[in-house]
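Taking it in order: structure first as structure tokens, then the write-up.
Read-outs: derived from the displayed coordinates by stated rules, not from any lab. Keep in mind that what you see is a predicted model, and the values were worked out from it rather than measured. Cβ: placed from backbone, ideal geometry, glycine included. Neighbour counts: every protein chain shown.
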Amino acid sequence: MVSPRDALERLREGNLRFASDARGPEVFVGHDRRTELAAGQDPFAIILGCSDSRVPAEIIFDQGLGDLFVIRVAGNIVAPSQVGSVEFAAARFSTNLVVVLGHSQCGAISATIEELQRPEENQSRNLRSIVDRVRPSVEALLATELRHNLPALAEAAIRANIRASVDQLRHGSEVLEQLIREQGLLIVGAQYSLETGLVDFFEGTVL
């Protein structure tokens, strides 16, 4: 079992390799690794990230097959299916680190800001379900002076949405709450920069 501290360090080191264009050997995705994993998996971290095509967790953390249990959904939101997926991996594989991974220039955040400023009557109910989960993080910020500075508003909303998802995982599941108490499960928030390739672990990383 990999400790949360060691798992976090592996992610940090992998991201630095990725950002500096010094990624690891292809052995981690080769035939021997595939054969080894056919018998089972033992991921050292769970990543709840955004579906954005520019933010593939295995690549930006320079990890191979079987290293990460990845859940991707637009806006890295937390709905019952995402909670259940995290519960499954944490309980089944004793994976003790969960990272909620947002990113700069997030389309789900932009769509939510646009919807709150200019509501769209014919918006798909499925898209609205995503917007509605992001909405509380944005609404509070629209009541501040940030509403006059769209780039700053979007950046603050990205972080607020990540923190909200972290909080929902920490306090919205009896299974995860028990794993936090008894197994030392750590749930943290991080933001990936499309511009630099670096991940900033900014929420809940003090161990």
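A few points about this structure:
- The length gained on full extension between Glu13 and Arg34, counted as 0.36 nm times the residue separation minus their Cα-Cα distance, comes to 5.2 nm.
- Considering only Val70, Leu116, Leu185, and ranking their Cα positions along the charge dipole of the chain that arises from unit charges at the beta-carbon of Lys, Arg, Asp and Glu, the one farthest toward the positive end is Leu116.
- Other residues lying with their Cβ under 15 Å from the Cβ of Val55 contribute a combined charge of -3, Lys and Arg counting +1, Asp and Glu -1.
- Overall, the chain carries a charge dipole of about 180 debye about its Cα centre when +1 sits on the Cβ of Lys and Arg and -1 on the Cβ of Asp and Glu, all other atoms neutral.
- The range 97-207 - Rg (one decimal) and Dmax (whole number), Cα, Å: 15.4, 47
- Coil-residue GluC sites (Glu not before Pro) of the range 116-206, DSSP, other Cβ within 10 Å capped at 11: Glu121, Glu195
- Relative to the dominant Cα principal axis of the chain, helix 80-93 is inclined by about 20°.
- Across all Cα pairs in the range 41-98, the calculated P(r) in 5 Å bins from zero up to the longest distance comes to 4, 20, 30, 25, 17, 4 percent per bin.
- Over all other residues within a Cβ to Cβ distance under 12 Å of Ile113, the charged ones net out to -1, with Lys and Arg as +1 and Asp and Glu as -1.
- Summing charges over all other residues whose Cβ lies under 11 Å from the Cβ of Ser104, with Lys and Arg as +1 and Asp and Glu as -1, gives -2.
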